[in-house]
1. Report the residue count in the stretch 219-258 for those that are farther than 11 Å from Leu79 by Cα and outside any helix (DSSP H, G or I).
2. Look at Leu150 and say whether it is closer than 18 Å to Leu194 by Cα, within 17 Å of the chain's Cα centre (by Cα) and touching a residue at least 12 places away in the same chain (Cβ under 8 Å).
3. Only residues that are part of a loop (DSSP other than H, G, I, E, B) and of a type outside the set (A, V, I, L, M, F, W, C): list them for the stretch 203-218, please.
4. Taking the stretch 171-192, which residues are at pLDDT 85 or above and more than 17 Å from Thr384 (Cβ to Cβ)?
5. Against the condition open to solvent by 10 Å² or more (accessible area, probe 1.4 Å) and among the aromatic types (Phe, Trp, Tyr), how does Phe140 come out, does it pass?
6. Can you tell me how many residues in the stretch 107-116 are buried (at least 24 other Cβ atoms within 10 Å of the Cβ) and assigned to a helix (DSSP H, G or I)?
7. Mind listing whichever residues of the stretch 413-433 are open to solvent by 10 Å² or more (accessible area, probe 1.4 Å), under 17 Å from Tyr112 (Cβ atoms) and touching a residue at least 24 places away in the same chain (Cβ under 8 Å)?
8. Please work out if Arg374 is farther than 30 Å from Gly74 by Cα and not in a helix (DSSP H, G or I).
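The values are calculated or read from the model by the stated rules, or taken from the named source; none is laboratory data. None of these values were measured; they are calculated from a predicted model. Cβ: placed from backbone, ideal geometry, glycine included. Neighbour counts: every protein chain shown. Side chains included, ligands, DNA and RNA excluded: accessible areas come from the protein's heavy atoms. Shrake-Rupley method; radii C 1.70, N 1.55, O 1.52, S 1.80 Å.
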Amino acid sequence: MSTRTAPSPTRRHPRSEPDEMTALLAEPVDDVDAEHAPKDPVPPARAGLRRELNARQVQMIAIAGTIGTGLFLGTGRSLATGGPASILICYAFVGGIVYITLLLLGEIATQYPVAGSFNAYATRFVDDSYGFALSWNYWFNDAVSVASDLTAAQLVIKYWTDWYPWVLPLIFFVFLLSVNAFHVGAYGELEYWLSSLKIITIIVFILVGMLVNAGVNDEHHYIGGENWRIPGAPFHGGFGGFATVFVTASFAYGGTESLGITAGETSNPSKNLPRVVKMVFFRILLFYILSILLIGLNVPWNYPDLANKSITTSPFTIVFKRVGSNGAASVMNAVILSSVLSAGNHAMFAGTRVLYSLSLAKQAPGLFARTTARGVPLWSLLATSSISLICFGSSYIGAGELWGWLQNIVGVSNQIAWFSIGLSSWRFRAAWVKQGRDLSELKFQGARWTWGWGPPFVV
């Protein structure tokens, strides 16, 4: 079994050495040669990561793996900040950017499936120092994302009780750490079933949301577009509120780009990754846009406790509560709690692999390239989770306020990541054309219609 590694950091700037870029692009697609792997001062315990995420797991991760607090809780904060029109426009626009970004990433990741994904591509096609900075930024992003999900769990639990709301999130943290330390297959299987639950929940929510709007609610009243006409709507907070929602929307879509990180541990990436990317558009259309439209129709922007310093109530829970059943609302809240667990699981996995890739590229201590007998980079996992735990410990200032801060940090970091994917794709395509290669040689053809405008649009 061959070892997949990030590109060698010993290269100089590709702008000044076009011949070397040509040589890099000419490397075999299905195997990044071991000779290009840097000699690590602390040799891994085994042959690195394992390609043991199967097509079923990877596709489910693509469809729902990153759906979590951003959609289930972040939409409440966005609605309270910008109103129903702002949230619908911002999430639709950011969704379009994400879709094009994933097409560009899928094109490169299918051609060069390596651990580290777009961070490695930024090093390879843009600049060593740029890739270095981007990788550390994205590692911190993932570590903070785990803390954000643990903080969100506190907010969800407060729907039922105020009794030590930090206890269950701490148990979640230990559980996620154990799963990720065991085997990549354990991560994939947990993510598969939690993602399946989220998909079923969102489909049920869409059906219930339509019924609630049509009059099947505790007031037996047809709602229609009333909440778009109340004082302050549809653009609450004016342009400032509208602009703020862009950051929270970026937080909600965050993690989608980390699907490329699974390329290093995906069986038959040239076949499975194109399938993954193609599912993204339908996920954006169905899960995000339709859900947000129903939230804006059924929940007023000034609903009590929608978002404040200590409490953030999920709009999904509110819609189920409007059916007139507290039991149904509690069930929805429990499902949201499971989605928080799923999102934290995904972020912990991605952050660990980014740090592992940094170590292979000799941009982090060699210790982080060590893997267990099962192919788990344990030291990278411990380092990532330690940052998450430190950030989570700051929730004494108020879980709602801390979660808002973490949302902003992760949201802007996601924008940096998408920008970098666009830039890497721009350079990759320029090098491809300069060599006189034909587009038909690309293993992923789903992004051909974006040639000429895709990367500049994303950037």
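1. Residues meeting the conditions: 13.
2. yes
3. Passing the criteria: Gly215, Asn217, Asp218.
4. Ile171
5. When the stated conditions are applied, Phe140 passes them.
6. 4
7. Leu423, Trp426, Arg427, Arg429, Ala431 - these are the residues of the stretch 413-433 that are open to solvent by 10 Å² or more (accessible area, probe 1.4 Å), under 17 Å from Tyr112 (Cβ atoms) and touching a residue at least 24 places away in the same chain (Cβ under 8 Å).
8. Criteria met by Arg374.
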